[in-house]
Amino acid sequence: MRKLFLSIALLISCVFNLEAGYNLSSFTLKNGLLVVCLHKKTTPIISFSVWYKCGSAQDAISKSGVAHYLEHMAFECDKREFSDFLESVGAESNAFTSLRSICFYEIIPSEHLEKIFEYEAKRMTSITIDDAPFLSEKGAILEEWSMSIGSSPDGSAGESLCANVFNRTAGGISVIGWKSEIESLQPQDLLDFHKAWFAPNNAIIVIVGDIPDLKKIKNLAEKYFGNIPKKEILRREEDSSRPSCVKEITYASPKVSNTSIEYIYHVPFSHLKNLRKSLALDLAISVINQPDSFTRKILEHDLKKATSVTFSYTKGYFPYDIASIGIESSSLNNRSDSEKICTYLLKKLLLSGIAKNDLETVKKQKQLAMAYKKDDIGSIAQHVGHLLSNEYSTEEIQSMDDVIQSITVEECNDALREVFSLDPVVISKVVPKGYDRD
Ligand SMILES: [Zn+2]
């Protein structure tokens, strides 16, 4: 099955009840830096992450990939002295870039907390980019491009989908960027991005685990970040309106043997502004994808066995959220076949809705998944940091699990109808070479 957007969707749909063993506290420095601490008495290990509220949506025109490139190069800011230190204490560290944020994180023994503050403050204030590491990193990034897009049918289809559907000036490009634009990026482009976006008032620090008392954290934050001046942040508007016409994209590849077609729908409500409705849609789609649910059995009853159908919901990856129906089949010969399946499925789904029992099962699964994950300080840091960098409040994050448990089957079905009653905005096909186009 195509998993174009699945990893992002999963990342966002994990649920944690932060009341379960965590004490959440937060403070903001005078320069606007928000520090959120989730304290839990465990082994003396902490997860430290810094989230900059800037991602590929803020790449300058014709300089796509600059946010991601900077993420790679920001490890070079002290000639790898810090990387060597992290290695010597057995720490785990990494970074990633998304549409709206760049995150750097470390998982380290608590005793090294001060060193992390010191280094992350350095990364915020200054980076130097020498030619040799810049060029060698460009090679690594182009290799990453080749693996995730150039030689991947799904990646290539996703890239052309971004370019065709979303406004180029508002995130209409994959995070890694266009190959030709990555090739032409210069060190100064990265320095300009750093200068514009790396500022205390555009950042959030999330510390999770066995952290010392809040007073000590406040002192360290003040000592290392307190004197960094705030900057004026000029954020580009994102265009989240529904496109006026349906676009169809076909990508033919000799690497695939089955035809897969994805019907992509504009979600008229944002997960950032309408949390409850977004969680209802999330639950509904989880129910539909359950292999044994009553809903699923009804949907698949008349379909050929060789046909697989997956629903997905992708939040925060494009200027507007999308939901999709992916259909893959070896016997799918042309568009009218898939259209018949899609129309049939939706008619049944919108008429019957999901079943209440199935919803209760999914809620229990989410609760159980949370029970497993609550001990994983890294996962909790990712979850909380992601939501905070998307402007959720700490109160909203803390109450999220209770909200999920209170959502009714009617709310789920209303959310499904709101999204899937209108036509899709994109039909994206990945087909074997020699596919019968009609
Ligand atoms: Zn990368």
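The values are calculated or read from the model by the stated rules, or taken from the named source; none is laboratory data. From a predicted model like this one, the values you see are computed outputs, not experimental measurements. Cβ sites come from the backbone with ideal geometry, for glycine too, and all protein chains shown count toward neighbours. Accessible surface is based on the protein model in full, side chains and every heavy atom, while ligands, DNA and RNA are left aside. Shrake-Rupley method; radii C 1.70, N 1.55, O 1.52, S 1.80 Å.
Tabulated values for the structure
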read-out: Some residue of the stretch 274-292 being of a type in the set (S, T, N, Q), in a strand (DSSP E or B) and modelled with pLDDT of 80 or more; value: no
read-out: Which listed residue is under 30 Å from I264 (Cβ atoms) and buried (at least 18 other Cβ atoms within 10 Å of the Cβ), from R100, R123; value: R100
read-out: Filter result (closer than 22 Å to R235 by Cβ and either crowded, with 23+ Cβ neighbours inside 10 Å or assigned by TED's automatic domain parsing to the domain that holds Y392 (or both)) within the stretch 36-56; value: S49, V50, W51, Y52, C54, G55, S56
read-out: Set I233, I228, I211: member being assigned to a loop (DSSP other than H, G, I, E, B) and loosely packed, with under 15 Cβ neighbours inside 10 Å; value: I233
read-out: Any chance Y251 is among the aromatic types (F, W, Y) and open to solvent by less than 30 Å² (accessible area, probe 1.4 Å); value: no
read-out: Residue selected from the stretch 152-168 under the condition within 16 Å of the ligand (Cβ to nearest atom) and open to solvent by 20 Å² or more (accessible area, probe 1.4 Å), by the criterion modelled with the lowest pLDDT; value: E159
read-out: Odd one out for H271 among (1) buried (at least 18 other Cβ atoms within 10 Å of the Cβ); (2) outside the structural domain of L387 (by TED's automatic domain parsing); (3) out of contact with any His (no Cβ under 6 Å at 6 or more places or on another chain); value: (2)
read-out: Only one of E410, E339 that is surrounded by 13 or more Cβ atoms within 10 Å (Cβ to Cβ) and under 25 Å from T295 (Cβ atoms); value: E339
read-out: Test: residue in the stretch 367-378 that is farther than 23 Å from A280 by Cα and open to solvent by less than 40 Å² (accessible area, probe 1.4 Å); value: yes
